[in-house]
Amino acid sequence: MAVSARFQPATVPSEMTLAVPDETLMLRYRDGDAEAFALLYERHKGPLYRYLLRHCGFPTVAEELFQEVWLNIVRSREQYMVQAKFSTYLYRIAHHRLIDSYRRQRGGPGMWDDGTGPAVEDLPLSETDTPENQLHTRTLVTRLMELIRALPEVQREAFLLREEAGMSIEEIAMTTGVEHETAKSRLRYAINRLRRGLVEVV
């Protein structure tokens with residue numbers, strides 16, 4: 001994942017901080033502890049980048065949004081207060097950056113095609129798989145990515161927050177600013193659409 005060249009924490013977290021909750025780390029960072037931020041970054045950079053990439057579909061756009069989210073964390077650190085889980089706070093920022101990006105592009109993800117989308121041929125496969133199994137896996141992954149991109153925006157976001165960020169329905173609702181039942185319905189509809197779309201492949 002080539003997303004960190006322009007944005008790297010200055011220090012490496014120590015083993016003693018590995019069990020510290022995210023919210024405590026963010027409070028420490030607010031008070032000037034750079035190591036706390038480094039650990040937060042290490043914990044969340046992978047899931048956050050994948051969430052952004054699978055939402056917009058293109059690495060260059062995902063990297064730009066990724067940088068914007070972390071810069072927002074840095075710039076607003078002095079105002080941080082614990083009102084929810086840090087992951088909810090982080091993905092709420094990502095949610096707003098995505099909305100801003102949609103508006104800038106005037107047309108959503110379809111306007112983002114920069115030719116840098118991940119090639120299915122580059123996906124890692126087990127060397128012990130038979131050629132037939134590898135072909136089936138590639139076909140399945142290709143179809144799944146197509147189905148995720150074809151989901152309505154609100155359903156895609158609910159699904160990715162659950163799968164990439166590991167959020168509960170309540171956390172998805174808080175992140176996206178909707179009621180619990182709305183978030184639950186969006187996730188259910190997304191999963192049902194994906195299942196129906198994968199039937200012919202599986």
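Read-outs throughout are calculated quantities, based only on the coordinates presented, and are distinct from any laboratory measurement. Remember, it's a predicted structure, so these values are computed and weren't measured experimentally. As a convention, Cβ positions derive from the backbone with ideal geometry for all residues, glycine included, and neighbour counts pool all protein chains shown.
Neighbour counts of C-beta atoms inside 10 Å place T60, T88, T176 in the sequence T60, T176, T88, starting with the fewest.
Each residue of the stretch 186-195 was assigned a 3J(HN,Hα) from its phi angle through the Karplus expression (A = 6.51, B = -1.76, C = 1.60, θ = phi - 60°), giving 4, 5, 5, 5, 4, 5, 5, 5, 5, 4 Hz with x at Gly and Pro. Length gained on full extension, L144 to R75, computed as 0.36 nm times the residue gap minus the Cα-Cα distance: 21.2 nm. A crude spin-label estimate for the pair D100 and E42, with each label 7 Å from Cα along the Cβ direction, gives 2.9 nm.
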